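Working notes, structure below.
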Amino acid sequence: YTTPKNELLGCREGAWMSVMLSLSPVYDVWGPDVVKLMNKVTVNRDYSTLKVGGSRHSLLCNEKGQLLADGVFMRMNEDLYRSYWLAAPLAFYVEVMAPKWGMEVSGKWVRDEFFIQVDGPKSLEIMEAASQTDCHDLKFAQHKTIEIAGVGCTIHRLGMSGALAYEMHGP
């Protein structure tokens with residue numbers, strides 16, 4: 001460690017790691033009407049095109065179109081979706097409103113997940129070294145399962161600022 005300026009600018013040449021987003025409430029959703037629900041309550045449209053291994057930055061709104069939350073909505077497998085930063089309003093829509101709208105959707109809070117970000121031009125190199133896995137195939141907003149030090153986790157390529165960045169999610 002030298003100075004805050006050096007440390008902050010170091011990510012422009014190397015990478016930085018953050019655990020700040022581990023505070024995100026995580027909520028899983030499944031059921032035959034997930035796509036229908038998400039198409040109704042977000043400004044994003046046609047969640048039927050969201051493939052397994054893909055994600056969307058979702059904007060969750062009320063019936064007046066006012067923003068309630070924004071966050072990432074990931075399709076984990078054919079039947080399971082995972083949300084970050086959408087949890088409280090999404091849980092309300094799943095648990096309270098979906099049954100009123102005649103939709104079959106279920107959800108549950110996930111309380112045992114870590115969330116680490118690695119951001120910067122060397123983030124891909126770092127992720128590949130840590131996982132001993134080729135991650136060049138991941139495009140923006142895609143994820144896959146990898147293993148780091150014997151722990152299975154999901155690597156998600158995101159980088160909201162447009163910089164090369166990855167997230168690791170795991171138990």
Exercise. State the answer as a single residue: which of Gly71, Gly54, Ser123 lies farthest towards the positive end of the charge dipole of the chain, with beta carbon charges of +1 for Lys and Arg and -1 for Asp and Glu, about the Cα centre.
Key: Gly71
Self-check item: Neighbour cut-off at most 11 other Cβ (10 Å), DSSP loop, trypsin sites (Lys or Arg not before Pro), the stretch 81-150
Solution: Arg111, Lys139
Quiz prompt | Cut-off under 5 Å, modelled amide H: who pairs with Phe114 long-range | solution = Gly170
Exercise. Output the peptides 86-96, 59-69, 4-14 sorted from most to least packed, where packing is the average of other Cβ atoms within 10 Å over each peptide's residues.
Key: 86-96, 59-69, 4-14
Practice problem: Pairs of Cα atoms under 8 Å, at least six residues apart: use those to get the relative contact order of the stretch 1-141, whole percent. | Solution: 33
Quiz item: Quick one: Debye curve from the C-alpha atoms of the chain, no solvent, what's log10 I(q)/I(0) at q = 0.10, 0.12, 0.13 Å⁻¹?
Solution: -0.41, -0.58, -0.67
Quiz item: Based only on the alpha carbon positions, what is the Kirkwood hydrodynamic radius of the stretch 109-171, in angstrom?
Solution: 11.8
Practice problem: Using only Cα atoms, figure out Rg for the stretch 32-131 and give it as a multiple of 2.2 N^0.38 Å. | Solution: 1.21
Exercise. Please express the shape of the stretch 89-140 as an equivalent ellipsoid: the semi-axes are the square roots of 5 times the eigenvalues of the C-alpha gyration tensor, given largest first in whole angstrom.
Key: 38, 13, 10
Quiz item: Kirkwood Rh, Cα Rg: Rg to Rh for the stretch 1-89?
Solution: 1.13
Quiz item: In the stretch 1-30, which chymotrypsin sites (Phe, Trp or Tyr not before Pro) fall in coil by DSSP and have 15 or fewer other Cβ atoms within 10 Å?
Solution: Tyr1
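Here, each number is a calculation from the coordinates, and none is a lab measurement. Remember, it's a predicted structure, so these values are computed and weren't measured experimentally. Backbone-built Cβ (ideal geometry, glycine too); neighbour counts: all protein chains shown.
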